Each structure stands twice: as structure tokens, then as C-alpha cells.
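The structure appears right after this line, and notes come after that.
The values are calculated or read from the model by the stated rules, or taken from the named source; none is laboratory data. Worth saying up front: this structure is predicted, and the values here are computed from it rather than measured. As a convention, Cβ positions derive from the backbone with ideal geometry for all residues, glycine included, and neighbour counts pool all protein chains shown.
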Amino acid sequence: MRQTIIAGNWKLNGTISDAEILLSALESAFAARPDIQIVVCPPYTTLAFAAQKLAESNAKIGGQDLFWKEKGAYTAQISAPMLKEIGCTYVIVGHSERRGRFGVPEPEFNEAVLAYFGDSDITVNLKLKAALAGGLIPICCVGETLSERQSGSTDSVVSNQTSAALKGVSAEQASGIVFAYEPVWAIGTGEVCAAVEADRVCGIIRQKVGKLYGADTAEKVQIQYGGSVKPDNAADLLGRPNIDGALVGGASLKAADFAAIIAASPR
Ligand code: PEP
């Protein structure tokens, strides 16, 4: 049985004083669920504080991104050893806001935007391998845009992103990766993907992992759903066979909401 993993992506939110308030308010919710894995991904500047604050808790810390080089002339970048040293266990890789879709409505999404926030399948793969080499567990995000869904290419987009992310990754490494199916149109929009459909697409990811590495690895890999997960839809999503957890953005910033999502987890 795969363990459920609920992760909160704080994005560009959370000074140290905000984190003190939020994490204090979540203490009992975390303590109540030692059976599931809880992960908190604050901004870089709050990671050290959060790691210290959660040192005695069953929740782990994750970065929101990393660079694939360990060190060098790469201004503003953060490497796997740096995240590891500060207390991270996980790191998000390939979030759609890093894949060039950063706050930009789809008609304006173009090459110029990619140049600023341009994670591609190639850089996602480099980051994922750097995370593994540095002893971090990647939470690898995949998902289609609205126009990709409307044109019927959801399955191929998700499947191709999955295989591209896994290029050069061994079966043993793959079994320890967390995937997050995050349809871009559902992120921060309040428009959740129907649980049946989210489960189906998570199944596509599992199938792809199975094709690449075999049924054993596919059975082991944890797959989250992310995109407008809220207390009122969490139980339905988390109760589905292919959904092993949630990657939560907005609702992870509200203690009562994140606590309710954690509590709603059936296993
Ligand atoms: C996310 O940023 O990964 C996310 C799922 O955001 P939200 O829950 O706000 O849609």
C-alpha cells in the first residue's frame, strides 16, 4: 500500500513570522496523522526556519525548485546540496509556474515568456536527476494546459512529460519519485479537475512508469493530484485508487484548510 503524501506549496508567500504563525497553527493537525507523509515547501528564505520548527514533527520540508549544477556562476540559483544541508527532504521539480507559464494567460504564453521562466522537459529532467543525485526526493509536476485539454492531447502531453522527466533515471530511483498531476487550468483557478478524471490521468502516469520500468515500479510510485484542492473536494480526490496524495497551493496557506485536507486523507 502506497503512503499518502500531502504537500503544501507556499509559492511566493511566507516570511519567517508568517511561517511561525502558520506552522504553529498546524502542529496538532500534523501530529494527528503520523500515518501519512506531510511536506511543506516554503520559499527559500523560510526553509531554514521551517526545518528547525518542524524538526520534531512528522512533517518534512521541500524546496520549490532547484538548479542542476551544484555550484558555479549561476546567480540566484539553488542546488541540491544546499537544499539538503538546510534540511530539505523533498524538492518540487517542473511546476507549471516554472515551465514558462508563470502567471501568464495562455494567449500571451510565448517564447519570450519561456525565456524568463523556461523550464523545459530537458531542464526538468536535469533538475530531477540533480535532486536524486543530491539525496532529495523530487516531486515532479506534469500536466496539460487548457488548450491541450481542449484539443484532446491531455494523455499524450502527460505521458510525454513523464517519460521526458525520467530519461536516464534507473528503476530503483524511479520508484522513489513522487509525481504530481497538475492540470495547468486547475492551478489557482478554483476549478478542480473532476476526481474521476484526475484519477484516470494519474493512471496514465502510472501506466507510463510501468511501460518504462515494469509493474513493480509503477505500483510503488506515489502520484499526487494538484490544482485547486480544497477541504470540500479533498476526500473525493484522495479516495481514488491512483491518487496517492495532493500538492496543495492556495489552501496550504490557510491553517484550517490545510489541516482539513490532511484530516480528509483516507489512508
Ligand atoms: C500548485 O501550485 O501546485 C497548486 C496546485 O495550486 P492551487 O492549489 O492553489 O491550485
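Quick notes
- Subset of region 256-267 (residues that are buried (at least 17 other Cβ atoms within 10 Å of the Cβ) and either in contact (Cβ under 8 Å) with a residue 60 or more places away in the chain or of a type outside the set (A, V, I, L, M) (or both)): D257, F258, A259, I261, I262, S265
- The listed residue being under 20 Å from the mean Cα position of the chain (by Cα), under 27 Å from V184 (Cβ atoms) and assigned to a helix (DSSP H, G or I), out of T45, T89: T45
- Whichever residue in region 212-239 is away from the ligand (no atom under 16 Å from the Cβ) and buried (at least 18 other Cβ atoms within 10 Å of the Cβ) and, among such residues, is farthest from C193 (Cα to Cα): Y213
- Of all residues in region 71-81, those satisfying the criterion of being modelled with pLDDT of 95 or more and either touching a helix residue (DSSP H, G or I) at 6+ places or on another chain (Cβ under 9 Å) or part of a strand (DSSP E or B) (or both) are I78, S79, A80.
- Filtered residues of region 80-98 (kept if surrounded by fewer than 22 Cβ atoms within 10 Å (Cβ to Cβ) and farther than 10 Å from P138 by Cα): P81, M82, K84, E85, I86, G87, R98
- Of all residues in region 162-200, those satisfying the criterion of being free of Cβ contacts under 8 Å to residues at least 60 places away in the same chain, acidic (D, E) and within 16 Å of the ligand (Cβ to nearest atom) are E191, E197.
- Residues that are crowded, with 19+ Cβ neighbours inside 10 Å and either within 11 Å of the ligand (Cβ to nearest atom) or closer than 18 Å to L166 by Cβ (or both), drawn from region 240-249: D244, A246, L247, V248, G249
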